[in-house]
Amino acid sequence: MASTHHKLIILGGGPAGLTAGLYAARSRMDHLLIEKGAEGGQVLLTDWIDNYPGFTDGISGFDLADKMAAHARRFDMNSMFGNVVSIDLSKPVKQLTLEDGASLSCDTLIICSGAHPRPLGIPGEKEFIGKGVSYCGTCDAPFYRNQHVAVVGGGNTAVQEAEHLTKFADKVTLIHRRDELRATKILQERAFDNPKIDFIWDSHVKEITGKDGVEQLQILNNEGKYSTLDVDGIFILIGVLPNNEMLPLEDLEADEGGFIPTDTETRTAVAGVMAAGDIRSKEVRQIINAAGEGATAVLAAEDYLTNLS
Ligand code: NAP
């Protein structure tokens, strides 16, 4: 099968990829953005976004993703849907292979493949996915009208989604492994003020049990005491893992967690390859910095191409 070549390929269509697409399209570079699912990435898992500048009243995750894609398309962003299964970065021309066997090549690559929710890895978790175990409050909250659900985690996602769940559920119990939340203060304040949210501190969920769906959680506290909590569902929101299965991690000098280190200009260890958004090795994963990194990555790509010619 013949390989199609582009000067720039952008892998992934979340906020980093769509911003890279916008910048590449506006600078009239020969480019292609490849997305395997829905444009927007993890933004689509977020009910409401209150901290993206310019949207004074906030915006839904769906609408923000839609606007980002429409914005890039206004400048003729070139994109396709496809699942990249392997990437060869051993030569100056980078080779990408898609699931259907098609191959693509590029001079410069921006990796924006993002991340996905981390599982707890406990008995009952896999068994009850879709039957009470969820990784997305925004997607599944309406199924729990007038019910009792648990949320596991203490970060921004867990606390924000716990609040969203109270629009449907009667009661939300947030279970955290420490006695202090990691989430930003304004989200904490809202959760503490919400009468529908209660907290189980210093505790781990060890098992999810039930017959046809989730019925109980077996919880172990840090003093070694077990207890059982009756719930109708559990939302596991304990951080993210990198979408890196198609990447040559050794060449990219991936960190321990499988995320890709870069310099300040988003350049990775491989010449002509940039990484932007949640796949980057970093502390802060916000939509705004993913978008910023997407822009930086295109400028770094332009710089690389100029020096190449
Ligand atoms: P996170 O910030 O990494 O927090 C993960 C939470 O899960 C932590 O509270 C952690 O506990 C807990 N945890 C991790 N592994 C666990 C395990 N095995 N068992 C039990 N608990 C576990 O992840 P996140 O909340 O998904 O957020 C990801 C990124 O997106 C962050 O950078 C976040 O700021 C960003 N984000 C921002 C917003 C916003 O600005 N509105 C909204 C959502 C997400 P410890 O605290 O003890 O480590």
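A short reminder: the numbers here are calculations on the coordinates, not readings from a lab. Keep in mind that what you see is a predicted model, and the values were worked out from it rather than measured. So basically every Cβ, Gly included, is an ideal-geometry build from the backbone, and we count neighbours across all protein chains shown.
Quick notes on this structure:
- Each Lys or Arg adds one and each Asp or Glu takes one away; over the other residues whose Cβ falls under 14 Å from the Cβ of D198, this sums to -2.
- Rounded, prolate or oblate (a/c below 1.5 giving rounded, otherwise prolate when a/b exceeds b/c) for segment 139-200 by Cα gyration tensor: prolate
- Given +1 at the Cβ of Lys and Arg, -1 at the Cβ of Asp and Glu and no other charges, the dipole of the chain around its Cα centre is 340 debye to the nearest 20.
- For K94, the lysines whose Cα falls under 17 Å of its own Cα, not counting residues fewer than eight places away in the same chain, are K7.
- Across K126/K206; K131/K211; K126/K211; K185/K282, pairs whose alpha-carbon gap is larger than 19 Å: K185/K282
- Kirkwood estimate for segment 119-236, i.e. one over the average of 1/r between Cα atoms, Å: 13.9
- Value at 222 nm in deg cm²/dmol, rounded to 500, when DSSP H runs of n ≥ 4 in the chain each add -39,500 (n - 2.57): -7000 deg cm²/dmol
- Residue-count net charge about K91 - beta-carbon cut-off 15 Å; Lys, Arg +1, Asp, Glu -1: -2
- Share of alpha-carbon pairs per 5 Å distance bin for segment 184-247, given as whole %: 4, 13, 16, 18, 18, 16, 9, 5, 2, 0
- Across the chain: Cys residues that no other cysteine approaches within a C-beta distance under 4.7 Å: C106, C112
- Per-residue Cβ neighbour counts within 10 Å put D66, D100 in the sequence D100, D66, beginning with the fewest.
- Among 260-266, 157-163, the order from most to least packed when residues are scored by Cβ within 10 Å on average: 157-163, 260-266
- The protection proxy used here, the mean number of other Cβ atoms lying within 10 Å of each residue, ranks peptides 105-112, 214-221 as follows, highest first: 105-112, 214-221.
- Where only C-alpha atoms are counted, convex hull volume of segment 6-112 per residue in Å³: 98
- Relative intensity of the chain on a log10 scale, I(q)/I(0) at q = 0.06, 0.10, 0.11, 0.13 Å⁻¹, equals -0.23, -0.61, -0.72, -0.93, per a Debye sum over C-alpha point scatterers of equal strength in the absence of solvent.
- The value of relative contact order for segment 54-168, using C-alpha pairs under 8 Å at least six residues apart, is 12 percent.
- Annotation: peptides 50-58, 134-142, ranked by per-residue average of other Cβ atoms within 10 Å with the highest first, follow the order 134-142, 50-58.
- Angle in degrees between helix 156-165 and the longest Cα principal axis of the chain, rounded to the nearest 10: 60
- Under 21 Å from the Cα of K67 - lysines, other chains or at least 8 residues apart: K36
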